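Novice: Okay, handing you the structure first.
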Amino acid sequence: MSVSSSGSAAYSGSLEGSNAQRGLWSSRLAFILAATGSAVGLGNIWKFPYVTGENGGGAFVLVYLLCIAIIGIPIMMAEVMIGRRGGHSPVNSIKAIAQRDGLNPAWKLVGAVGILAGFLILSFYSVIGGWAISYVGTTASGQLSGQTADAVGAIFSGLLSNPGTLLLWHTVFMALVMLVVAKGVRSGLERAVSILMPALFVLLLIVVGYAMTTGHFGQAAAFLFQPDFSKLTTSGVLVALGHAFFTLSLGMAVMMAYGSYLPKKISIAKTSITVSVIDTGVALLAGLAIFPIVFANGLEPGAGPGLIFQTLPLAFGQMPMGSLFGTLFFVLLIFAAWTSGISLLEPIVEWLEEQKGMNRTVSTLGAGVVCWALGIASILSLNLWADFAPLGFIPMLEGKTIFDLLDFFTANILLPLGGLLVALMAGWVMSKPAMEKELALSPGTFSLWFVTVRFITPIAVGVVFIYNLM
Ligand code: PHE
């Protein structure tokens, strides 16, 4: 192996604090916690319910689940495998593999797509993280108790119409993310995930329990799980595919970075499946918590990005000890978003460090501040620029604000594109015996995975892209 290790030392610092030695995850569990911390976030609790509502429910959920199983899990395995085989940060891992397997160094493009996607996603992700922070105060102050759907809706509209408040909480969220990335101390936060994620799960279960008492649970379950294909559009399929990548943190080389820390003896397939199952479980629970409340209160399932902020507060306002549970819920949501936000900023900071020779504090400040500034465009598209659709002349982008465009371009285009490149790299150019060794699967299972990344994923992503461009 003739690859410079300067970058990896820096990366190791970011994961292991002051430890300059490139350490391995202490166990399979440590990897699962970090990967789950990245995967479980606003995507599961904020985005999944609202895109499901917008795209008609059951049929969309089915396509999303298929995308997770047939595309997401195999791509996650490929990313983790590339990371572990490369043994460095994503760009250097790909370089290392390119040297060993005689590939074109242009495959580094995978890393570039990831850096750009992470940066753009974080700019609006942080704004939504800010909503969650603001709701801690809203729930804790008890102003939601016994409120009607209209009153809860008005609180949310009030927040959106106030750029100053949005900016304040966006700034706080971004500062939290930058702090951890700059200090390079993630291990503490990642360990916290082992308590906070199960707690979030339990709180979701409590809300699901409350939702069962609304008398509309059956209707919600039918909405989520009875596919009505007449409601599925081609753009809905693209959103389902994009969301599968978004929610699993794929197509961005994040799992590649984490994979480089995974000890050789641990099964990549099993860990990838575990992370994906946890992630999907959280999303489905969020759906089961929210839709009964939607139907019980005559709300609109397709209400858009505000859906959870207009439904969950209603539930917390009505259930016993709602202020307590509500406050806890939003605090945990902030933690989930925080660990995801860190993994969104990490790639660009690492790239600035490795390739531009900046130190970690400077690169975090630089990237973070530019990202924060871009977030202001998303904030304004919720109020002052709400009618501004810069690319509205393109039919499929009609009426999309800057915020909508950033979400659409990153989740539905950049991430699947990054995933496509990973699939092509693993399916067509990397050394097959090396991959067999790395994945250590039975021959039949390996072939299944190989055929998937070689043919099924590229064809599926290609077909969905082409249909949507036509
Ligand atoms: N998976 C995260 C979520 O669902 C978002 C994310 C996407 C994080 C891509 C990292 C990379 O909230």
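The values are calculated or read from the model by the stated rules, or taken from the named source; none is laboratory data. Nothing here was measured: the structure is a model prediction, and the numbers come from that model. Every residue, glycine as well, gets a Cβ built from its backbone with ideal geometry; the counts of neighbours run over all protein chains shown. In case anyone asks, the SASA skips ligands and DNA or RNA and just uses the protein heavy atoms, side chains included. Shrake-Rupley method; radii C 1.70, N 1.55, O 1.52, S 1.80 Å.
Novice: What's the carbon and sulfur percent of the chain's accessible surface, probe 1.4 angstrom, rounded to a whole number? Don't skip to the end; give the middle numbers.
Specialist: Working: 11750 of 17190 Å².
Roughly 68 percent, rounded to a whole number.
Novice: Further question: With θ taken as phi - 60° and the coefficients 6.51, -1.76 and 1.60, list the Karplus ³J(HN,Hα) couplings across the stretch 367-379 in order, rounded to whole Hz; mark glycine and proline as x.
Specialist: Per-residue couplings from phi come out as 5, x, 5, 5, 5, 4, 5, 5, x, 4, 4, 5, 4 Hz.
Novice: Roll a 1.4 Å probe over the protein heavy atoms and report the accessible area of TRP351 in Å², nearest 10.
Specialist: My reading of the accessible area for TRP351 is about 90 Å².
Novice: Still on this model: Between ILE273, GLY326, PRO301, whose Cα lies farthest towards the positive end of the dipole of the chain when Lys and Arg beta carbons carry +1 and Asp and Glu beta carbons carry -1, centred on the Cα centre?
Specialist: Value computed over the given set: ILE273.
Novice: Which angle between 0 and 90 degrees, to the nearest 10, do you get for helix 28-39 versus the longest principal axis of the chain when only C-alpha atoms count?
Specialist: 50 degrees
Novice: What is the spin-label model distance, in nm, from PHE201 to PHE455 if the labels are put 7 Å beyond Cα along the C-beta direction?
Specialist: 3.7 nm
Novice: If you don't mind, there's one more thing I want to ask. Hey, which aspartates and glutamates would be in cross-link range of LYS356, C-alpha to C-alpha under 17 Å, not counting anything within fewer than 8 residues on its own chain?
Specialist: Result set, ordered by chain and number: GLU346.
Novice: Right, here's the next one. Please give the FRET efficiency for VAL362 paired with LEU109, using the beta carbon to beta carbon distance and R0 = 35 Å, rounded to the nearest 0.05. Spell out each step's value before the answer.
Specialist: Numbers: r = 26 Å, r/R0 = 0.74.
Efficiency, rounded to the nearest 0.05: 0.85.
Novice: Solvent-accessible area of VAL172, probe 1.4 Å, all protein chains present, reported in Å² to the nearest ten, please.
Specialist: The accessible area comes out at roughly 50 Å².
Novice: Mind ranking MET321, MET76 by accessible surface for me, highest first, 1.4 Å probe? Mind showing how you got there, number by number?
Specialist: Details: MET321 125, MET76 0 Å².
Result, largest first: MET321, MET76.
Novice: Which lysines, on any chain, are close to LYS400 with Cα under 28 Å apart, when same-chain ones fewer than 8 places away are left out?
Specialist: Within the straight-line cut-off, LYS400 pairs with LYS47, LYS231.
Novice: Accessible area per residue of the chain at 1.4 Å probe, in Å²?
Specialist: Result: 37 Å² per residue.
Novice: Using 10 Å bins from zero, what percent of all Cα-Cα pairs in the chain falls into each bin?
Specialist: 4, 21, 32, 27, 13, 3, 0
Novice: List the lysines whose Cα lies under 29 Å from the Cα of LYS265, skipping any in the same chain that are fewer than 8 positions away.
Specialist: Within reach: LYS95, LYS108, LYS432, LYS437.
Novice: Please compute the modelled spin-label separation between TRP428 and ASP150, points set 7 Å along Cα→Cβ, answer in nm with one decimal.
Specialist: 5.9 nm
Novice: Next question. Per 0.36 nm of contour for each residue apart, how much would the distance between SER267 and SER447 grow if the chain were fully extended, relative to their Cα-Cα spacing?
Specialist: On the way: separation 180, 0.36 × 180 = 64.80 nm, distance 1.62 nm.
Gain on stretching SER267 to SER447: 63.2 nm.
Novice: Could you tell me the accessible area of VAL202 in Å² (1.4 Å probe, neighbours in place), rounded to the nearest ten?
Specialist: My reading of the accessible area for VAL202 is about 80 Å².
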